[in-house]
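Each remark here refers to the structure printed beneath this line.
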Amino acid sequence: MNHKDETLPTPGPNEPVPAWNEYRQLREAVHDYLDHDPGDPAWDDIWRALGAIMGEFQRDAFAQAFDLDEPAEQACIRRLITGDEECPHSPLEADSDPTGPPHSPPADDHSTLWLDDGDPALYSMHVYPGNIERLDSKEPPHNLWFDVFEFAAEWGLEVSILPKSWYSLGTAVQIVFYPPERYRNNEQN
């Protein structure tokens with residue numbers, strides 16, 4: 001296949017002009033990686049390799065962009081909803097209070113409760129679209145995206161979907177739940 005086929009749609013951003021030496025080195029390393037046969041089919045995906053390299057940087061950039069201090073010891077979305085200082089759920093029965101907010105939202109995977117000045121500020125989870133979009137399922141749930149947004153509406157949270165997942169770059173999306181007043185108040189200051 002000709003990589004310079006002008007009849008194909010553009011793959012995205014063009015090479016930076018001027019292209020600095022580090023860019024050229026990265027481009028060559030990616031091409032070398034793609035041409036290399038490591039013998040392990042699990043590592044033939046460049047996104048997994050880049051994710052392993054870039055994960056910490058992406059996570060730190062995420063925390064800085066949302067002005068977050070640190071993750072909580074345990075990801076409990078109830079703390080975000082109620083402002084509880086600790087997770088009130090029993091480890092054996094995560095949702096022991098059927099009338100109150102649950103321990104985790106629908107489709108929860110690879111989640112983190114983020115704190116700001118010790119207070120719950122944001123809940124993030126990294127989901128694989130194939131796990132949440134069960135379009136081929138004959139049994140409910142067919143599509144958990146509806147459940148995610150219904151959950152947020154029920155508990156007064158906003159939802160953002162970020163295409164950059166620092167957990168699994170290129171294969172997962174990051175869903176972020178946050179109380180609307182946290183960012184509305186910051187916009188007014």
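The packing ranking of peptides 113-125, 48-60, highest mean first, is 113-125, 48-60, where packing means the average number of other beta carbon atoms within 10 angstrom of each residue. Between the amide H of L68 and any residue lying 5 or more places away or on another chain, no distance stays under 5 Å, with hydrogens modeled in the peptide plane.
Using a simple spin-label model with pseudo-atoms 7 Å out from Cα toward Cβ, T99 and E56 lie 4.8 nm apart. Among W47, W20, W155, a tally of other beta-carbon atoms within 10 Å of each Cβ gives an order, fewest to most, of W20, W47, W155.
As a footprinting exposure proxy, order K138, K164 by other Cβ within 10 Å, with the fewest listed first.
Ascending Cβ contact count within 10 Å gives the list K138, K164.
If R0 is taken as 41 Å, the Cβ-Cβ distance between F146 and R48 corresponds to a FRET efficiency of 0.90.
Within the shell of other residues whose beta carbon sits under 13 angstrom from the beta carbon of S111, the net charge comes to -1, with Lys and Arg scored +1 and Asp and Glu -1.
When each of the peptides 77-87, 142-152, 23-33, 101-111 is scored by how many other beta carbons lie within 10 Å of its residues on average, the order from highest to lowest is 101-111, 77-87, 142-152, 23-33. Modelled this way, with points 7 Å down the Cα-to-C-beta line, the labels at S160 and D109 are 2.2 nm from one another.
Rule-based calculations on the coordinates, nothing more; no lab input. These figures come from a predicted structure and were not determined experimentally. Virtual Cβ from ideal backbone geometry, glycine too; neighbours counted across all protein chains shown.
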